[in-house]
Amino acid sequence: MATPSEPWDVARALHTYNIARWGDPYFGVNDLGNMTVRPGGDDHGPALDLMTVVEEAKSRGLVFPLLLRFQDLLRHRVQVLNQEFNAAIADAQYQAPYRGVFPIKVNQLREVVEEIQDAGAPFNFGVEVGSKPELFAALAIHRDPESLIICNGYKDELYIQMALLGRKLGKRIIMVVEKIEELRAIIEVSQQLGVQPIVGVRIRLLAKSTGKWSTSGGENAKFGLSTAEMMEAAELLRSHKMEDCLKLVHFHIGSQIPDIQTVKRAVREGARYYAKLKQLGFGLEYLDVGGGLGVDYDGSRSAYDSSTNYSLGEYARDVVYNVADVCNEEKVPHPTLVSESGRAIVAHHSMLVVDIFGVIEKTKAKKFSPPSGEPAKPVTQLLDLRATLNRKNRREHFHDAVQIKDDAQARFDLGLLDLATKAQVETLFWEIAEGVVRLFNGAKSVPEEIEQLKDSLGDQFLCNFSVFQSLLDHWALGQLFPIVPIHRLNEPPEHNGTLVDITCDSDGKISKFIDSEDKVRLTLPLHSLNGKPYYLGIFLIGAYQDIMGDLHNLFGRVNEAHIFLDPDEESGFYIEETIPGTTIDKVLADVQFDTALLERGMKEQIDRAIKADVLKPNEGMRLLESYEQGLKTSTYLKIAGSSE
């Protein structure tokens, strides 16, 4: 937050929330203090005011929490990924093309997958599936015979049959073998159907990533073949004279890889497997480097879990160079390169807007006034500390205040302190603590205990959303996401706070945030509520978050708005589609509560209450109508003013 010697302005906001780094080139702040988005990723392209977007969504009847999808930004990510690989291929004089695929598991929503397919059409960009439902969807929406469908995951007979159906339709469907039994099943079913399959093998590399998803790679990974199993698979294919069916070598070393050195080691190891198998006479054409291309969520551009120490361009160049180098050494043709970079494509395109409806403050603005009569001893002691607190004695006074508070608590535990005195002690202690922190503002060195005190003074801002539905990775893995007020950024934030959601779960909170200095901070600078709506944006949530949410407390999917750029519109955009969030009756149906039975049960109870003269008939019918209408409403709170 700003101190008297550091005036607040938009530039200070950009630095405080690190927007200029994690948001580049898409997100910024305008002179009005509102967050902006450039969906085209061009410094000279249109920058949409997010508050204008929110107001337009509200005029379409959407309430909060609200998910905004910027479809042009999604298209830009597809284009940039393909352009970077194509540029790297040209620079390195690589002798084969790039054929990327989008892993549907990262975001299975139809609108997202279809937009990626359309944007990727000029690049023959395909899809990756990991389950039967994903394959069924991919078969129907896949149109380009030159693009790939990569089939990962464990496979049963139906999975294999559907993949071979796609082969009959002329699709380039590659079934990646995860275990030897799958290969036997593929051979058997393909012979029954008279279809030549295209087969890949996933290799378990020794190379392993670091970070939160490191266990998905390495020799103990869930999927893939060991070297011995790979040789067994090769011999099985050879025994059936199907050497030409083996077209692809695949590996995966983990999601959100933070360190480029990990990528380099894995790519070289994977390329070596490709080359050795090629030398054995198999018809290999593709090398699939899997997923893992990370997103710089915190803007630190480091090897920290929530960041990457490389750019998309560097990633593409390192993949191309290292594959070419190994293949040149081994004197084998360069393979067509495949990557399954889902997170880097979809993370940026969606954001969640939540409304704040209250604050639980640690201290109040109004100072404590001693009650009439003689105050208790601990209250008198704390009043003296508060009156004499200054820069020279700030730390000593804090230690004294802690001792007095602890002594008061001990007396309360023994039944020797009344509630009124305990309340006075706590109020004074936090006032002194606040004064101590204020006196350390601008200090060259701040003791660790004071930094912790500063965090403990943070207020709790009540947010109308569910962490478990909308930010599952934050709850489960501690994944950091950029969170910023989308307006009032030209005003200094007066609070340091944490965010709590509306679930009845103590884990329903956000208490770790990105920081421009230390990567992680335990509070977020926020503004005082002024009686008007106050909105926060949670950014870069397009990968996994808006598809993996659970129904904790039966809070369902949120409202969505899909935004497209349009220069003919005065605002520079239009909302192409709105998708209502899950209503109460829908989430109840998901857990086997039939709406008709619920309504019937309520009617029976109201009828009995009317017969017993507990309710008047009109009153009972109004209550029943209210219940039935309420079943059709959003699972989230309706905050006064937020939707006006």
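A few points about this structure:
- Segment 186-202, residues that are crowded, with 22+ Cβ neighbours inside 10 Å and of a type in the set (A, V, I, L, M): ILE186, ILE198, VAL199, VAL201
- From the options ILE510, ILE486, ILE563, ILE502, residue that is closer than 30 Å to ASN309 by Cβ, of a type in the set (A, V, I, L, M, F, W, C) and in contact (Cβ under 8 Å) with a residue 60 or more places away in the chain: ILE486
- Test set (1) on the phi > 0 side of the Ramachandran plot; (2) at pLDDT 95 or above; (3) under 17 Å from the mean Cα position of the chain (by Cα) - GLY478 fails condition number: (2)
- Matching strands (runs of 3 or more DSSP E) fully within segment 496-592 where at least 3 residues are buried (at least 18 other Cβ atoms within 10 Å of the Cβ): 513-515, 524-526, 535-538, 559-565
- Restricting segment 244-302 to residues that are in a loop (DSSP other than H, G, I, E, B) and in contact with an Asp or Glu (Cβ under 7 Å, 6 or more places away or on another chain), the residue that is surrounded by the most Cβ atoms within 10 Å (Cβ to Cβ): GLY290
- Selection of segment 238-256 for residues being of a type in the set (A, V, I, L, M, F, W, C) and in contact with a helix residue (DSSP H, G or I) (Cβ under 6 Å, 6 or more places away or on another chain) yields LEU246, VAL249, PHE251, ILE253.
- Considering segment 618-635, the residues that are without any contact (Cβ under 8 Å) to a residue 60 or more places away in the chain and of a type in the set (S, T, N, Q) include one that is surrounded by the most Cβ atoms within 10 Å (Cβ to Cβ), namely THR633.
- Candidate set from segment 328-368 (those that are over 30 Å from PHE468 (Cα atoms) and among the basic types (Lys, Arg)); member that is modelled with the highest pLDDT: LYS331
- Residue match in segment 361-382 (condition: buried (at least 16 other Cβ atoms within 10 Å of the Cβ), part of a helix (DSSP H, G or I) and aliphatic (A, V, I, L, M)): yes
- Answer residue from segment 432-453, given it is within 15 Å of LYS405 (Cα to Cα) and modelled with pLDDT of 90 or more and is surrounded by the most Cβ atoms within 10 Å (Cβ to Cβ) among those: ILE432
- When the criteria are applied in full, GLY120 fails the requirement of being in contact with an Asp or Glu (Cβ under 8 Å, 6 or more places away or on another chain) and either assigned by TED's automatic domain parsing to the domain that holds VAL199 or modelled with pLDDT of 95 or more (or both).
- Members of segment 415-431 that are surrounded by fewer than 16 Cβ atoms within 10 Å (Cβ to Cβ), not acidic (Asp, Glu) and not in a helix (DSSP H, G or I): GLY415, LEU416
Every residue, every condition in (1) at pLDDT below 95; (2) among the aromatic types (Phe, Trp, Tyr); (3) part of a helix (DSSP H, G or I), yes or no:
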| site | (1), (2), (3) |
| --- | --- |
| TYR159 | no, yes, yes |
| LEU164 | no, no, yes |
| ARG167 | no, no, yes |
| ILE174 | no, no, no |
| ARG184 | no, no, yes |
| GLU188 | no, no, yes |
| ALA207 | yes, no, no |
| ASN220 | yes, no, no |
| LEU237 | no, no, yes |
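- For segment 119-129, the condition holds for no residue, the condition being that it is assigned to a strand (DSSP E or B) and either among the hydroxyl-bearing types (Ser, Thr, Tyr) or closer than 20 Å to GLU314 by Cβ (or both).
The values are calculated or read from the model by the stated rules, or taken from the named source; none is laboratory data. Source: prediction; values computed, not measured. Neighbour counts run over all protein chains shown; Cβ positions are idealised from the backbone, glycine included.
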